[in-house]
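Colleague: This structure is in structure tokens; I'll ask about it shortly.
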Amino acid sequence: MELNKLDLFSIRLIAPEIILISIALILILLDLVIKRKETIAFVGVLGTLTAAYVNYKLCAMGWTGSTLLGMFAFDGYANFFKLIFYINIILTIFISLRYMVLEEASFGEYYSLILFATSGMMFMASAVDLIVLYVGLELMALSTYILVGITRRQVRSNEAALKYFFLGAFSSAFLLYGISLTYGLTGTTNLKEIASALQNLNLLENPILFLGMILVIAAFGFKIALVPFHMWAPDAYEGAPTSITSFMSIGPKAAAFAALGRVLFDAFGPMHVQWSSILIPLSVITMAAGNIIAIAQTNIKRMLAYSSIAHAGYALLGIIAGTHGGLSSMMNYMAIYAFMNIGAFAVVIMLRSKGFRGEELTDYEGLAKSHPAASALMLIFMFSLTGIPPTAGFIAKFYIFMEAINAGYTPLVIIAVIFSAISAFFYLRVVMYMYMKEPKAHVTLSTSPAIFLTIAVTAAVTLILGLFPSLLVELAKMSIAGF
Amino acid sequence: MVPLSWYIMLSAVVFSIGVIGFLTRRNLIIVFISVELMLNAANISLVAFSHYLQSIKGQIMVFFIITVAAAEAAIGLAILIAFYRNNPTIKVDEINLLKG
């Protein structure tokens, strides 16, 4: 083989991943000697910041390219998603500290698994070879299965992990079979080489290759939670500890979007007509089912799960557009969604106190009377998730719809706008409960400086990006430039 | 020599058995074995293609799949045992706490 061609110096491009994995291993060892979990969490945050800094330095030096025999790309596209992942780890750790003590599941492994899952996501975002993509996906998925079931004395959490595990394993088998068919027909697993083989071997109309592509899309559909592959999402989101619900509604979804974007654009780029004809109906039923079923929910975590399904449907428009502009608006969407969703979950977490779950919508009745600040922040996040200006959620939807219209998918955008209007019903119902109902029971908020910081940061970013969208939009456009 | 198409047909049949088993069986252990069948169907076709194309990549992929499947089995059974301790059943129909 070409092992001698492995340029050891180019290994520097995976330095952020190496740092993250080393820190995750160190955390497991530290857990044996340090009893205070806050210290472990602090080391985890510090390690993440180091990885982010190294990643930034590598970008600033203008190093792009690939390593590991051309299987791992270090480019703006991957780095933009890695930025989302770093933010996701840090904010998740911040909202977990107090909450995991309340859940009586404050383990050191919790923090190390978050880092392992994230390094898997980073490999997915950077993978330009199906082998690396698969291994990254499994590293992410296996760590997330454990995180969902980490409160192992609660039957809900066990059941959520079980359902997530079985459907996740089922979907990765689909991915593998799709990869094997693609490999068999094109003779390679490298994304760029697959694209050139499609042209050279005249495979564009090949039904077996089409089947392989459908299987790969279905597997990513499971991870993104597209309808009809969404069955696990509401159960896993409801049963998992809330901090992990927040973590997995952003990380794995963004990673799967990153990988899906790269596979469809790089490898199956010449087959845009075929794959967009699969994704369009998926996107429509995802938006329909996500928004309509969310109306019937009484549990806020379950409602946010359906909302997250619906948001996946909107973000898919960016990929369907098939242009670089569409892809950058999808990246933009995932970044904004990360902030507003973590913020909403942080408020949900604050309602949890000893002996009180605070997950039912009725628990929010009259919250504005007893806790005006928390209610006002929840209002911002709910407005943003609906897509009402001047919040960032509006900007995210605006750019993605604009790019889809530019690519000529106007009917699809009209459908998306209609469902987006329907979504206002269940988001604003939370606001209505908070401001227009009388308090039913006395709710005590479990605040801590870390949660306060998280909510402050997410609310500030949600508002700032809503008022000055060019900050993020330009970054996304710049990142995609070399794609 | 056995032609390539026979291997591919074998792998397609094994994969289909796995999918049908996953969707129809009601015992979690059998469901889990069905997933393993699906993974191995992918392995069969990867090895067959790898030999036919005289390219090593498919076999490298198989090594990764086998390793990951082992990790997956460990985690899956651990989750199953954690579940069983709180709720002693392995029937799919009886795992219905979360719904709506």
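The values are calculated or read from the model by the stated rules, or taken from the named source; none is laboratory data. Nothing here was measured: the structure is a model prediction, and the numbers come from that model. Backbone-built Cβ (ideal geometry, glycine too); neighbour counts: all protein chains shown. In case anyone asks, the SASA skips ligands and DNA or RNA and just uses the protein heavy atoms, side chains included. Shrake-Rupley method; radii C 1.70, N 1.55, O 1.52, S 1.80 Å.
Colleague: By how many degrees, 0 to 90 and rounded to 10, does the Cα axis of helix A:155-186 deviate from the longest principal axis of chain A?
Modeller: Tilt relative to chain A: about 10 degrees.
Colleague: Looking only at other chains, what is the average number of their beta-carbon atoms within 10 angstrom of each beta-carbon in A:189-197?
Modeller: Per residue, the average neighbour count from other chains is 1.
Colleague: Please say if the range A:129-262 is rounded, prolate or oblate, where rounded means a/c under 1.5 for a ≥ b ≥ c the square roots of the C-alpha gyration tensor eigenvalues, and otherwise the choice is prolate for a/b larger than b/c and oblate otherwise?
Modeller: Taking the square roots of the gyration eigenvalues as a ≥ b ≥ c, the range A:129-262 is prolate.
Colleague: Continuing with the same structure: Among residues other than A:A73 whose Cβ falls under 11 Å from its Cβ, what is the net charge (Lys/Arg +1, Asp/Glu -1)?
Modeller: Once all neighbours under 11 Å are counted, the net charge is -1.
Colleague: Let me ask another. What nm value, rounded to one decimal, do you get for the distance between B:I29 and A:T64 when each label is placed 7 Å out toward the C-beta?
Modeller: The modelled label-to-label distance comes out at 5.4 nm.
Colleague: For a 25 Å ceiling on Cα separation, which of these pairs sit above it: A:K223/A:K301; A:K437/B:K99; A:K35/A:K82?
Modeller: A:K437/B:K99; A:K35/A:K82
Colleague: Let me spell out the model: positive unit charges on the Cβ of Lys and Arg, negative unit charges on the Cβ of Asp and Glu, origin at the Cα centre of the range B:4-94. What dipole size does that give, in debye rounded to 20?
Modeller: Dipole magnitude for the range B:4-94 comes out near 20 debye.
Colleague: Here's another thing I want to ask about it. Pull out a ≥ b ≥ c, the square roots of the eigenvalues of the alpha-carbon gyration tensor of the range B:4-94, then state rounded if a/c is under 1.5, prolate if not and a/b is larger than b/c, and oblate in the remaining case.
Modeller: Cα axes put the range B:4-94 in the oblate bin.
Colleague: Assuming 0.36 nm per residue, please report the length gained on full extension of the stretch A:L463 to A:R357 beyond their Cα-Cα distance.
Modeller: Length difference between fully extended and current span is 35.3 nm.
Colleague: Within a Cβ distance under 15 Å of A:I19, other residues only, what is the Lys/Arg minus Asp/Glu net charge?
Modeller: Its environment carries a net charge of +2.
Colleague: Show me, for the range B:4-14, the HN-Hα J-couplings you get by feeding each phi into the Karplus relation (A = 6.51, B = -1.76, C = 1.60, θ = phi - 60°), rounded to Hz, glycine and proline as x.
Modeller: 4, 4, 5, 4, 5, 5, 4, 5, 5, 5, 4
Colleague: Could you give the nm distance between label points at B:L10 and A:F9, where each point is 7 Å from its Cα heading toward the beta carbon?
Modeller: 4.8 nm
Colleague: Next up: In degrees from 0 to 90, rounded to the nearest 10, what is the angle of the helix A:242-262 Cα long axis to the longest principal axis of chain A?
Modeller: Long axis of A:242-262 versus the principal axis of chain A: about 20 degrees.
Colleague: Something else about it: What is the gain in length, in nm to one decimal, between A:I285 and A:M436 on full extension, counting 0.36 nm per residue of separation less the C-alpha to C-alpha distance?
Modeller: 51.1 nm
Colleague: I would also like to ask the following. How are the alpha carbon pair distances in the protein assembly as shown distributed across 10 Å bins from zero to the largest one, expressed in percent?
Modeller: Whole-percent P(r) values from 0 Å outward: 4, 18, 29, 28, 16, 4, 1, 0.
Colleague: For A:F72, what residues show an amide H to amide H distance below 5 Å, using hydrogens built from the backbone and excluding near sequence neighbours?
Modeller: A:T67, A:V128
Colleague: Among the listed pairs A:K37/A:K253; A:K369/A:K440; A:K163/A:K397, give every one whose C-alpha distance is greater than 23 Å.
Modeller: Long pairs (Cα-Cα over 23 Å): A:K37/A:K253; A:K163/A:K397.
Colleague: Another question, then. Inside 10 Å of the C-beta atoms of B:61-74, what's the mean count of C-beta atoms belonging to other chains?
Modeller: Per-residue shielding by partner chains comes out at 4.
Colleague: Can you run phi through the Karplus equation (6.51, -1.76, 1.60; θ = phi - 60°) for the range A:127-139 and list ³J(HN,Hα) in whole Hz, with x for Gly and Pro?
Modeller: 5, 10, 9, 5, 5, 5, 4, 5, 5, x, 4, 6, 4
Colleague: Additional query: Along Cα→Cβ, 7 Å out, is where each label goes; now give me the distance between the ones at A:K35 and A:A456 in nm to one decimal.
Modeller: It works out to 3.2 nm between the two label points.
Colleague: Compare the peptides A:324-337, A:26-39, A:192-205 by average per-residue count of other Cβ atoms within 10 angstrom and give them in order, highest first.
Modeller: For the peptides A:324-337, A:26-39, A:192-205, the packing ranking is A:324-337, A:192-205, A:26-39.
Colleague: All other residues with a Cβ under 14 Å from the Cβ of A:G482 taken together, and with Lys, Arg as +1 and Asp, Glu as -1, what is their net charge?
Modeller: Result for the local shell: +1.
Colleague: To continue, here is another question. Chain pair B, A: how much accessible area is buried, both chains summed, with a 1.4 Å probe, in Å² to 100?
Modeller: Approximately 3900 Å², summed over both chains.
Colleague: Moving on. Using R₀ = 30 Å, calculate the FRET efficiency as 1/(1 + (r/R₀)^6) where r is the Cβ-Cβ separation of A:L428 and A:M231; round to 0.05.
Modeller: Using R0 = 30 Å, I get an efficiency of 0.65.
Colleague: Explain nothing, just compute: Karplus ³J(HN,Hα) = 6.51 cos²θ - 1.76 cosθ + 1.60, θ = phi - 60°, for every residue of the range A:18-31 in order, whole Hz, x for Gly and Pro.
Modeller: 4, 4, 4, 5, 4, 4, 4, 5, 4, 4, 4, 5, 4, 4
Colleague: Using the heavy atoms of the protein chains alone and a 1.4 angstrom probe, what is the accessible area of the range B:4-94 per residue in square angstrom?
Modeller: Normalised by residue count, the accessible surface of the range B:4-94 is 53 Å².
Colleague: Helix B:28-53 against the longest principal axis of chain B: what's the angle in degrees, Cα atoms only, rounded to the nearest 10?
Modeller: So the helix axis and the longest Cα principal axis differ by about 10 degrees.
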